[in-house]
Amino acid sequence: MKVDEDKCIACKRCFPYCPMGKIQTFKRHEKIHGRVYIEIDQDACTDCGMCLRADICPVQALYQPQEEWPREIRGILSNPLIEFKGSQVPGRGTEEMKTNDVKGTFKPGEVGVGIELGRPGVGAYFRDVELIAMAMMGANIGYQLAEENPVTHFMSDKTTGKLRDDVLGEKATSAIIEGKCKLERLPEALRALQEAAKRVESVFTVEVITKVTPKGEVPIKAVLEKMGIWYSVNTKNNIGIGLPSYDFYGTSK
Amino acid sequence: MTHSLHRRGDYECLKDDFVVLGCPATGVNKIGSAPKTQKYLSIAYKCGPINLGDMKTGNIHNTTMADILSRVSDGTIVQCTFDNRDKIVTLLKELKNDRPGISVIISGVTDVVQQCMHEAGLGYIHSLEYSLGTWGHTEMLPDFPILKTVTMCGHAMIASDLVRKMVRDVKRGRRTVKDCVKEMAECCTCGNYNLTRGERIFRDLLPLYTVHSLY
Ligand code: SF4
Ligand code: SF4
């Protein structure tokens, strides 16, 4: 996001809308005597567009220039209104468990592990995304990356989780690494993340996905409890009414 | 895409907070899904959501239900936010009797969602996703009372500074709590922000902050 220095009157109305917080600085206008404008720290701004959408600027000084690669990935991952074409899903991730009842993405014995960097409201540079991705791939647990996810697309080596060098200095409000592994490898995956958590410069949220058994058991619960890992009382729950249903147990044959 | 997953709060705070998504599956039922998604949306709308939207079009506080409905195309994911469990039971009963054919996902307290499904005769949850919380430099996060508000927009579009500014505005008599809640709902394009819960937690945090601070 940029500010037109000839229009901006430094009224500060846009400041509180910025999820990245206090990334604007004041400048004295060189040509218009007595005039002050603001500049947005281009390194800290994720091009999320919130300040512009808030429609708060009294003089329409904010504008979002068309960004070239690699900066364009900031907007793709941070602005909810921009779609990442590679995933064909609006937003910055995949369908994950949302369509599991129809697609069978996560089968019994498998666990989806997602790591979302930068959320909530901190933002993350891709060097941190790479650090976590490489920690997951380096754990040698057979972590299978989700193909349609934007972060997977930005990798130069999908076997190690290495990202393209030209994206490492870019920043997003949030970027998700998505994939799955066998349920028995979940403790190793979580231990790798615990180690990586000590090295990142941002925050990340961790999510795990499981198929619930026909008797209502949640297979990952015991693993989390044994490891003493906190999990929230609220979950995202697929209620299983999508059609055609995926045949998880081969019962229709 | 997990933006309704990481809402923060305890059982009591979250038990009347549900985001219900209708999502077609790429490569399976996405082609030709628009009428199915419209059907889901119409059923959900009858059950009285407090918010509703599609991330590309906006939510009912930014635009109209008719606009959202008319702009549904194949692949659109719609989200409806509810503020009480009885509405969820009614919705689930309707969906059971008249399946739209796309996947339906409810974010909410697991036990409550499971009870609602049993009451509607839908059996057990099919698949679920747990939030294991926030890791790394968690000292960079805003205070927990503010976090409860900002995590209602999973795209993190409700800035913590905005919440603080609204506290100041309310205390200075510049705007009402209802205005603040509406504005937060407008920032959260997809319609995940629950205005009922939002108002409750905003009123709770009002006494915790002083007016001087910012901007
Ligand atoms: S685009 Fe987003 S991050 Fe950049 S200044 Fe505007 S609100 Fe802040
Ligand atoms: S609201 Fe507009 S005029 Fe005011 S500081 Fe922001 S960009 Fe400048």
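The values are calculated or read from the model by the stated rules, or taken from the named source; none is laboratory data. For clarity, every value in this text was computed on a predicted model and none was experimentally measured. Note that each Cβ is placed from the backbone with ideal geometry, even for glycine, and that neighbours are counted across all protein chains shown. The protein model used for the area step is the full one, side chains on, heavy atoms only, and it has no ligands, DNA or RNA in it. Shrake-Rupley method; radii C 1.70, N 1.55, O 1.52, S 1.80 Å.
Projected over all directions and averaged, the alpha-carbon convex hull of chain B occupies 12.6 nm².
Are there trypsin sites (Lys or Arg not before Pro) in the stretch B:138-215 that DSSP puts in a loop and that have at most 16 other Cβ atoms within 10 Å, and which ones? The qualifying sites are B:172, B:174, B:175. The modelled label-to-label distance between residue A:12 and residue A:64, using points 7 Å beyond Cα along the C-beta direction, is 2.6 nm. Per-residue extension of 0.36 nm, minus the Cα-Cα distance of residue A:198 and residue A:166, leaves a gain of 9.0 nm for this segment. Rounded to 0.05, the FRET efficiency of the residue B:172 and residue A:26 pair, given R0 = 30 Å and the Cβ-Cβ distance, is 0.80. In the protein assembly as shown, a dipole from Cβ-located charges (positive for Lys and Arg, negative for Asp and Glu) runs towards its positive end, and of B:82, A:197, B:34 it is B:82 whose Cα lies farthest in that direction.
The accessible-area ordering, largest first, of the residues B:21, B:195 stands as B:195, B:21, per a 1.4 angstrom probe.
Taken along the Cα-to-beta-carbon direction at a fixed 7 Å, the label points for residue B:73 and residue B:196 span 3.5 nm.
When A and B come together, around 7000 square angstrom of accessible surface is lost from both chains combined, probe 1.4 Å. Working note: Debye formula, equal point scatterers on the alpha-carbon atoms of the stretch A:136-253, no solvent; log10 I(q)/I(0) at q = 0.12, 0.13, 0.14 Å⁻¹ is -0.58, -0.67, -0.77. In the stretch B:114-153, burial by the other protein chains removes 50 Å² or more of 1.4 Å probe accessible surface, compared with the chain on its own, from B:124, B:126, B:127, B:128, B:129, B:130, B:132, B:135, B:137, B:140. Ordered from highest to lowest accessible area with the whole protein assembly present and a 1.4 Å probe, A:67, A:195, B:129, B:139 read as B:139, A:195, A:67, B:129.
Between A:154, B:47, A:124, the Cα set farthest toward the positive side of the dipole of the protein assembly as shown (charges on each charged residue's Cβ, about the Cα centre) is that of B:47.
Helical content alone sets the calculated 222 nm signal of chain A at -5500 deg cm²/dmol, taking -39,500 (n - 2.57) per DSSP H segment of four or more residues and averaging over every residue. Checking every one of the GluC sites (Glu not before Pro) in the stretch A:98-186 against DSSP loop status and a limit of 13 other Cβ atoms within 10 Å picks out A:147. Figure legend: label point modelled 7 angstrom from the Cα of residue A:251 along Cα→Cβ; residues of the stretch B:105-147 with amide N under 15 Å from it are B:122-127.
Distance from the alpha carbon centroid of the stretch A:221-253 to that of the stretch B:20-40 works out to 21 angstrom. Put a dot 7 Å past the Cα of residue B:98, heading toward its Cβ, do the same for residue A:39, and the two dots end up 5.9 nm apart.
For the stretch B:70-212, a crude dipole built from +1 on the beta carbon of Lys and Arg and -1 on the beta carbon of Asp and Glu, taken about the Cα centre, is about 580 debye to the nearest 20. Gain on full extension, evaluated as 0.36 nm per residue between residue B:139 and residue B:11 minus their Cα-Cα distance, stands at 43.7 nm. Placing unit charges on the Cβ atoms only, positive for Lys and Arg and negative for Asp and Glu, gives the protein assembly as shown a dipole magnitude near 820 debye about its Cα centre. Would you work out what percent of the accessible area of the protein assembly as shown, with all protein chains in place, is carbon or sulfur (probe 1.4 Å)? Percent of accessible area from carbon and sulfur atoms in the protein assembly as shown: 51.
A Cβ-based charge dipole, computed about the Cα centre of the stretch A:133-187 with Lys and Arg at +1 and Asp and Glu at -1, lands at about 200 debye. Computed on protein heavy atoms with a 1.4 Å probe, the accessible areas place A:28, A:71, A:191, A:119 in the order A:28, A:191, A:71, A:119, largest first. Once the Cβ-Cβ distance of residue A:107 and residue A:227 is raised to the sixth power relative to R0 = 22 Å, the FRET efficiency obtained is 0.45.
Taking chymotrypsin sites (Phe, Trp or Tyr not before Pro) as exposed when DSSP calls them loop and at most 16 other C-beta atoms lie within 10 angstrom, chain A has its longest site-free stretch at A:1-229.
Between B:128, B:159, B:95, the Cα set farthest toward the positive side of the dipole of the stretch B:31-165 (charges on each charged residue's Cβ, about the Cα centre) is that of B:95.
Mind scanning A:171/B:178; B:30/B:165; B:87/B:182; A:198/B:182 and naming the pairs with a C-alpha gap bigger than 32 Å? The answer is A:171/B:178; B:30/B:165; A:198/B:182. Protein heavy-atom accessible surface, 1.4 Å probe, per residue over chain A: 43 Å². Here is the short version for chain B: B:13, B:23, B:47, B:80, B:116, B:180, B:187, B:190 have no other Cys C-beta closer than 4.7 Å.
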